[in-house]
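See below for the structure under consideration.
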Amino acid sequence: MFCLSVFFICLKISSPKTQDTDTAKHQRKLSGPVSWPMKLRKYGSGYAVTLGYQVNSINAPKFTVPDQFVLKECPKGVPLRFEDLKGIRDHLWRLPIHPQVFRTYPQAINVSDTVNRLLQGRPIEEAPINNVVFRYSVVSKSVCHPDHPASQDYDVVVVVKSGVTNFQRRENFRRIYRTKSADWGRLHLGQRIGIVFSVGLRVSEQNILHRGGRTFRLNPDRESANEILQRLEEELVNNDDLIVGEYEDNYFNLTMKMQYSYIWVATFCQRNRPIVLFLDDDGPFSDRDLAKALYKLSPEKKAYLFHGIMVLQGRVYRYDKRGFDKWGVSKSEVPWPEYPPYPFGVYVLMSYSNVQRLALGMLFTKFYHIDDTWLGLTAARMSMHFRNIHLLISKARLLRTRQEGYGPIDWQWSV
């Protein structure tokens, strides 16, 4: 009874101050000119992209969250930092997780305001926590290339996040779409669709990673790094649809792959500002139904696209949950027991301006390896709210029902 009384007293007298108020309303309505702050330069035979910024503060205010928004029982009305949240056991948390909790995640600054400052060329309060240099050893000349104007003539750009060793999956995609998607869309509905594959490199021969008392094999394939590189070079000779980032391509670097993909779109596709569809490489999408759905939308609605197959109150797995080891995270990585809403990576559709904002927000959101949930966390920290893709396209029409070289679709993501 005492705990309950304390809780209501604290709730009454210690309601949190609104931090980053009305973010959703002003995040796209910037006053003054907007310019992309990532600078593009030649890098060998490829390109490097670097964030340009200035810092005007060394004591940026950091978000905290009142403990009554965190604890189920006996809050004391004190503000909690991210470091404090790590020590709270999962069963003690209030559910669902309060959105203000996610703003304490490193960096615990006003990310939305920081992104606005970058887009307006104004100084920011704190340097990014993540790397700000992105090197691409290969970029497609057919889609969003800075030196080829015709490559910018796309209404939709599809970015397929692919493991570097998934050679057959990429070939299956090419066989399905090479003579169909762009021509059909342009002819019937005014939608020209370009497709690229986002991959990293396999450089390290190290195949073992120890995390959370578990041992993981990084590279299940038996090919050496040199053999994989040789096959990739052969693929590049015959295809002009690869975006190759200079990072180690394995499961525990999927977040890096996601960031490289978003930075590429935001930097290389500025001229045409296309609608963007992000896919995984294990299921072909229905190009016809995508074109039909977009054809029905007004320009205003297209500008606000931010849709995916949503997961609400997704469970956070720890390393003691057998069978879920590769999805496990420690309390130091993710202290709370439920993720913010996030979209499955198999199908994420958004406007170019939203890709830009997320690409910059990612620079200020500390990495962990589960990319889908990290995307949801980045969006939540910026008060950007995903909508369900089924408002635009039904489940049955997202992916092709005829696999044409693929195995059965794994539909577990749609549950």
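Only the coordinates and a few stated rules stand behind these numbers; no lab work does. Only a predicted model underlies this, so the values are computations on that prediction, with no experimental measurement involved. Reconstructed Cβ throughout: ideal geometry from the backbone, glycine too, with neighbour counts over all protein chains shown.
Worth pointing out:
- Amide H to amide H distances under 5 Å link Phe285 with Arg400, where only residues 5 or more positions off or on other chains count and H is placed in the peptide plane.
- Asp147-Gln230 FRET efficiency (beta carbon distance; Förster radius 25 Å; 0.05 resolution): 0.35
- Three-way shape label, segment 231-330, alpha-carbon gyration tensor, a/c 1.5: oblate
- This ranking places Ile176, Ile275 by how few other beta-carbon atoms lie within 10 Å of each, fewest first, which gives Ile176, Ile275.
- Using 0.36 nm per residue and subtracting the Cα-Cα separation, the extra length available between Asn131 and Arg81 on full extension is 15.6 nm.
- Packing-based ranking, highest mean first, of 309-317, 352-360, 276-284 given that Cβ atoms within 10 Å are counted: 352-360, 276-284, 309-317
- Shown is the FRET efficiency for Cys74 and Tyr319, computed with R0 = 30 Å from the Cβ-Cβ distance and rounded to the nearest 0.05: 0.60.
- Full extension of the chain between Arg89 and Gln206 gives 38.7 nm of extra length, using 0.36 nm per residue less the Cα-Cα distance.
- Note, ³J(HN,Hα) from phi for segment 41-56, Karplus 6.51, -1.76, 1.60, rounded to Hz, x at Gly and Pro: 9, 5, 9, x, 8, x, 9, 10, 10, 10, 6, x, 7, 10, 10, 10
- The order of Trp336, Trp264, going from fewest to most other C-beta atoms within 10 Å of their C-beta, is Trp336, Trp264.
- Set Lys86/Lys326; Lys86/Lys321; Lys141/Lys326; Lys161/Lys321 screened for pairs whose C-alpha atoms are more than 25 Å apart: Lys141/Lys326; Lys161/Lys321
- 14 Å beta-carbon shell around Tyr53, net charge (K/R +1, D/E -1): 0
- Of all DSSP beta bridges in segment 265-385, antiparallel share, percent nearest 5: 90 percent
- Summing Lys and Arg as +1 and Asp and Glu as -1 over all other residues whose Cβ lies under 12 Å from the Cβ of Lys42 gives a net charge of +2.
- Ascending count of other beta-carbon atoms within 10 Å, so fewest first, for His145, His307: His145, His307
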